[in-house]
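K.L.:
There's a structure below that I have some questions on.
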Amino acid sequence: MATKYRSLVILTGAGISAESGLGTFRDKDGLWSKYDLRDVATPEGFARNPGLVHDFYNARRQNLIAAQPNAAHAALALLEREWRGDFLLVTQNVDDLHERSGSAKLLHMHGELLKIRCENCGDIRPCHQAIDLATACSACGIPGYLRPDVVWFGEMPMGMERIERALDACDLFVSIGTSGNVYPAAGFVAEARRRRAHTVELNLEPSESHSLFAEARYGPASEIVPAYVQELLA
Ligand code: BV8
């Protein structure tokens, strides 16, 4: 591997899964054009109308099970296998397409759609079925306390200490398929720059934070991510 970089942090967003058929959030026909995020991606929305939130996540869970990873996910799994130094793939996505492509050094900072959490006993387990208020927890047996194990707006993202440590040590930060609207993820590029890391944006179009990147390439992830990985590994 010819690259001069030794410590790599990658951040992915919904754009890397767009060509796998999973909706993005802020594109023209994105999820937030059909649902108000305050109704389906906040604790307040869940308290107000749990049925709507369960419907929202049950539909996305079924879409995900029918979806396949694309060449961009495969390229990042190859990069992880071939990379000689520190490597961390941080995803804002709650899908499992990175795992299905073989990524292992992976952190879901916004949780995972195919896991559920019981607010009564704290049990977290995989779930591929629909759940609703009547579904009883497999651990404590009590219904009405199950929710998707995802991070809603206003909730603490997962793995922040590990992410901060990786950003402190990185000399290469690559952001893929994210609009740079959601914090703290959207602030990672600024932290990488403060550490003098080289920063690269790979996206369909310039993101909100495009001006913070030292290098940028635009196009569909399934084309530009494999090309970039080939160059890194050349
Ligand atoms: C928190 C999980 C406190 C559930 C999601 C300032 C500082 C700190 C916080 C805030 C702040 N300002 C505001 C906040 C609060 C809030 C926030 O950021 N609000 C925004 C709306 C302003 N943040 C929070 O509440 C976060 N929690 O801050 O706690 C804290 C702070 C610091 C440290 C500790 C604690 C929690 C946010 C998590 C919310 N949960 N999802 C679910 O998925 O249902 S967010 C949701 O947005 C998804 O996770 C998604 O991944 C994420 C980001 O969206 P993107 O991935 O970027 O998707 P988007 O559609 O926007 O863009 C897609 C991009 O892909 C586009 O650019 C498009 O061009 C591109 N694209 C499309 N097709 C392709 C493509 N690219 C390549 N190829 C293609 N084919």
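K.L.:
If I take R0 = 30 Å and measure r between the Cβ atoms of Glu215 and Asp29 in this structure, what FRET efficiency does the formula 1/(1 + (r/R0)^6) give, to the nearest 0.05?
P.N.:
0.50
K.L.:
Right, something else. Once you treat every alpha carbon in the stretch 114-225 as an equal point and sum by Debye, what is log10 I(q)/I(0) at q = 0.11, 0.15, 0.17, 0.23 Å⁻¹?
P.N.:
-0.53, -0.78, -0.86, -1.15
K.L.:
Testing the spin-label approximation: label points 7 Å from Cα along Cα→Cβ at Arg81 and Asp132. State their distance in nm.
P.N.:
4.3 nm
K.L.:
Which angle from 0 to 90°, rounded to the nearest 10, does the C-alpha axis of helix 71-82 make with the longest principal axis of the chain?
P.N.:
60 degrees
K.L.:
Another question, if that's okay. For an R0 of 41 angstrom, estimate the FRET efficiency from the Cβ-Cβ distance between Asn120 and Glu231 and round to the nearest 0.05.
P.N.:
0.25
K.L.:
Do any cysteines of the chain lack a neighbour Cys whose Cβ is under 4.7 Å away, and which are they?
P.N.:
Cys127, Cys170, each lacking another Cys Cβ under 4.7 Å.
K.L.:
Highest first, please rank the peptides 103-110, 118-125 by the mean number of other Cβ atoms sitting within 10 Å of their residues.
P.N.:
Descending mean neighbour count gives 103-110, 118-125.
K.L.:
Another one. Measure off, as a whole percent, the carbon and sulfur share of the 1.4 Å-probe accessible area of the stretch 1-150, all protein chains present.
P.N.:
51 percent
K.L.:
How about the stretch 140-234: which trypsin sites (Lys or Arg not before Pro) there lie in a loop by DSSP and see at most 10 other Cβ atoms within 10 Å?
P.N.:
In loop regions of the stretch 140-234 (DSSP not H, G, I, E or B), the sparsely surrounded trypsin sites (Lys or Arg not before Pro) are Arg196.
K.L.:
Shifting gears a bit: Based on Cβ point charges of +1 for Lys and Arg and -1 for Asp and Glu, what charge dipole magnitude is obtained for the stretch 1-78 about its Cα centre, in debye rounded to the nearest 20?
P.N.:
Result for the stretch 1-78 is approximately 300 debye, rounded to the nearest 20.
K.L.:
Here is a follow-up. Using the Cα centre of the stretch 83-234 as the reference point, and only Cβ charges (+1 on K/R, -1 on D/E), how large is the resulting charge dipole? Debye, rounded to the nearest 20.
P.N.:
My answer is approximately 300 debye.
K.L.:
Could you tell me the distance between the Cα centroids of the stretch 152-173 and the stretch 1-54, to the nearest Å?
P.N.:
17 Å
K.L.:
Next up: How much space per residue, in cubic angstrom, does the convex hull of the C-alpha atoms of the chain take up?
P.N.:
In the chain, the Cα convex hull volume per residue is 115 Å³.
K.L.:
I've got another one for you. Tally the DSSP beta bridges in the stretch 76-185 and give the antiparallel ones as a percent, rounded to 5.
P.N.:
Roughly 75 percent of the DSSP beta bridges within the stretch 76-185 come out antiparallel.
K.L.:
Follow-up question, since we're still on this one. Work out how far the C-alpha atoms of the stretch 9-61 reach from end to end along every principal axis, then list the three figures in whole Å, largest first.
P.N.:
Result, largest extent first: 35, 26, 20 Å.
K.L.:
Under the Karplus relation 6.51 cos²θ - 1.76 cosθ + 1.60, θ = phi - 60°, what is the ordered set of whole-Hz ³J(HN,Hα) values for the stretch 221-227, x standing for Gly and Pro?
P.N.:
4, 5, 9, 7, 6, x, 5
K.L.:
Keeping every protein chain present and rolling a 1.4 Å probe, give me the accessible area per residue for the stretch 10-160 in Å².
P.N.:
That works out to 45 Å² for each residue.
K.L.:
Turning to a different aspect of this structure: Take every Cα-Cα pair in the stretch 178-223 and report what % of them are more than 15 Å apart.
P.N.:
41 percent
K.L.:
So what's the angle, to the nearest 10 degrees on a 0 to 90 scale, between helix 50-66 and the longest Cα principal axis of the chain?
P.N.:
Relative to the chain, helix 50-66 is tipped by roughly 50 degrees.
K.L.:
Which value, in debye to the nearest 20, gives the size of the charge dipole of the stretch 190-232 about its Cα centre, when Lys and Arg are +1 and Asp and Glu are -1 at the Cβ?
P.N.:
Dipole of the stretch 190-232, to the nearest 20 debye: 320 debye.
The values are calculated or read from the model by the stated rules, or taken from the named source; none is laboratory data. Quick caveat, the model's predicted, so the values are computed rather than measured. Here Cβ is always computed from backbone atoms with ideal geometry, including for glycine, and neighbour counts include all displayed protein chains. The accessibility values were calculated without ligands, DNA or RNA, using every heavy atom of the protein model including side chains. Shrake-Rupley method; radii C 1.70, N 1.55, O 1.52, S 1.80 Å.
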